[in-house]
Structures are given as structure tokens and as C-alpha cells.
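Since the structure comes first, as C-alpha cells, the remarks are kept for the end.
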Amino acid sequence: MADLKYKRIILKLSGEALAGDQGFGIHPPVIKTIAEEIKDVFDLGIQIGIVVGGGNMWRGEAGAQMGMERAQADYIGMLATIMNALALQDNLESIGVPTRVQTSIEMRQIAEPYIRRKAIRHLEKDRVVIFAGGTGNPYFSTDTAAALRAAEINADAILMAKNGVDGIYSADPRKDPEAKKFDELSQMDIINQGLDVMDTTASSLSMDNDIPLVVFNLNEPGNIRKVVQGEKIGTTVRGK
């Protein structure tokens, strides 16, 4: 593992990444491809924690806009992340990657409750740990959950896999052809410029704990491997 830049990572997967082009739900060929990309990195000896979103099924903010009480809507979103985590676990284990799902909301029949020391032990025993349920609290995004879990397990970096976008831009490159791509930023740059990368809570938490972030395109085969091997792809965000 001497040639690897990062040896313990948090991989942040959006729920939308699991839906593929269909935009909703879980698209089996897409999640199978993602599992194979994760296995490719796992086989290098990387310790991998994964935080998965739930936007392919439900968004708490959208529920609140429709008149639902925000906390209740967010809890539904947490359940969506758990469904995604179980689907990802099944795909990983079908290709020989030992995996554990830990949930911030206890569901003992289907997954372990989140216990920090147990999660670290799983990583040390070469098991991928999928952290589901966000932080377990309403009003906090899964980006914040990724920053929190990265701090708790002493991850070397957060790898934020984007669906079709190859880094951080000054504007949405799919809408603005003049959008400028950044190769490197600081978390303070993201906060000050209001860039749409992570929410402010997640950025602040990453900055306070000096956790770097790499934003890259998940749809390019081999990109996760390239990031952990230190290749310059996407956008690197310095922890401080």
C-alpha cells in the first residue's frame, strides 16, 4: 500500500448515482457497476467506509415543501438511505467483498447499529462498512453524515463521487458553458463563494477536522482507483 495516497476513505455516493439515467429508484446494472468499481479499490487494500444518500427515492426538503412536517420528511429520507445501503451491500457481497451495514437508527433485524469502535474494527478486518441513515437526526444532510463519519473513523479523505460531473465548477457546467472548473480549493473557498458542493455544516466539519475532499466523476471507469493512487483528477478541496 506504499504507493497509495489514501489508505482509509469515506466514499460519498449520492442516491441519484444509483438510479442512473432513469432518475428514480435503483437501476440494477448501475449499482452492479458501482460495486465493481468499489471492489477494484478494495482489492488494493484500501479501508473503505461508504455513506450513501437517498435522493433517488425521497428528499426530506421536497416533502417539507409539499406541506409535510420537516423532521418527519427527513426521517423518511433516512429510511431511503438504508434501502440503498442494503442494495449496495448485496451487490458487493455477490462479488466477494465482505460488507457490513451500520445504521444511525437501530434496525437490528437488518443491520448493525452504528458503533464507532465496531466500525473501525470492521475496517481493520478488511470489511467495507456502509453507513446508512445519515446522522440519525433531521435537518442534517448525508454530506454532513459523510464529514462526521470521516472524522470519527479518522479517514484520510472524503471521496465525493458525482453523477456525470468531473469536479467543482463556478456554476453548473450542464447549464452554463462558461463555467470554470477548479483544480484545487479550500473549504473556506467553498463557503465564501457559495459553491454547490457540500452544505455549510459539512464543509465546516471537514475544515475543523482537516479532512480533504476530492470531487470527481463516478461515471468514468477507474476513477476511484485513480483518486486513491494520487492521480490529479476532479477537484481537491483542502481540509484547511
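The values are calculated or read from the model by the stated rules, or taken from the named source; none is laboratory data. None of these values were measured; they are calculated from a predicted model. Every residue, glycine as well, gets a Cβ built from its backbone with ideal geometry; the counts of neighbours run over all protein chains shown.
If G164 passes every condition in (1) of a type outside the set (S, T, N, Q); (2) within 30 Å of P29 (Cα to Cα); (3) buried (at least 16 other Cβ atoms within 10 Å of the Cβ) but one, which one does it miss?
So the condition that G164 fails would be (3).
How about segment 112-121: which of its residues are surrounded by 14 or more Cβ atoms within 10 Å (Cβ to Cβ) and either within 14 Å of N154 (Cβ to Cβ) or free of Cβ contacts under 8 Å to residues at least 12 places away in the same chain (or both)?
If the condition is that a residue be surrounded by 14 or more Cβ atoms within 10 Å (Cβ to Cβ) and either within 14 Å of N154 (Cβ to Cβ) or free of Cβ contacts under 8 Å to residues at least 12 places away in the same chain (or both), then P113, A119, I120 are the ones that fit.
It is to be established whether one or more residues within segment 220-230 are crowded, with 24+ Cβ neighbours inside 10 Å, outside any helix (DSSP H, G or I) and touching a residue at least 40 places away in the same chain (Cβ under 8 Å).
No, because not a single residue in segment 220-230 is crowded, with 24+ Cβ neighbours inside 10 Å, outside any helix (DSSP H, G or I) and touching a residue at least 40 places away in the same chain (Cβ under 8 Å).
Please go through (1) among the hydroxyl-bearing types (S, T, Y); (2) under 20 Å from G53 (Cβ atoms); (3) modelled with pLDDT of 95 or more for Y139 and return the number of the only condition it doesn't satisfy.
It fails just one condition, (3).
Please go through segment 169-200 and give me each residue that is surrounded by 11 or more Cβ atoms within 10 Å (Cβ to Cβ) and either in a helix (DSSP H, G or I) or among the hydroxyl-bearing types (S, T, Y) (or both), ordered by number.
Y169, S170, S186, Q187, M188, D189, I190, I191, Q193, T200
In the list D43, D21, which residue meets the criterion of being touching a helix residue (DSSP H, G or I) at 6+ places or on another chain (Cβ under 9 Å) and among the acidic types (D, E)? Lay out the reasoning, then the answer.
On the way: D43 fails: touching a helix residue (DSSP H, G or I) at 6+ places or on another chain (Cβ under 9 Å).
After ruling out the rest, the residue left standing is D21.
Can you pull out the residues in segment 89-111 that are surrounded by fewer than 17 Cβ atoms within 10 Å (Cβ to Cβ) and in contact with a strand residue (DSSP E or B) (Cβ under 6 Å, 6 or more places away or on another chain)?
Taking segment 89-111 first, the residues surrounded by fewer than 17 Cβ atoms within 10 Å (Cβ to Cβ) are 90, 93-96, 98, 106-110.
Once the filter is applied, which keeps residues that are surrounded by fewer than 17 Cβ atoms within 10 Å (Cβ to Cβ) and in contact with a strand residue (DSSP E or B) (Cβ under 6 Å, 6 or more places away or on another chain), segment 89-111 yields E93, E106.
Looking only at segment 7-35, how many residues end up being surrounded by fewer than 20 Cβ atoms within 10 Å (Cβ to Cβ) and part of a loop (DSSP other than H, G, I, E, B)?
6
Touching a residue at least 40 places away in the same chain (Cβ under 8 Å), under 26 Å from L195 (Cβ atoms) and assigned to a helix (DSSP H, G or I): which single residue out of D143, D166 fits that description? Steps first, please.
On the way: D166 fails: assigned to a helix (DSSP H, G or I).
After ruling out the rest, the residue left standing is D143.
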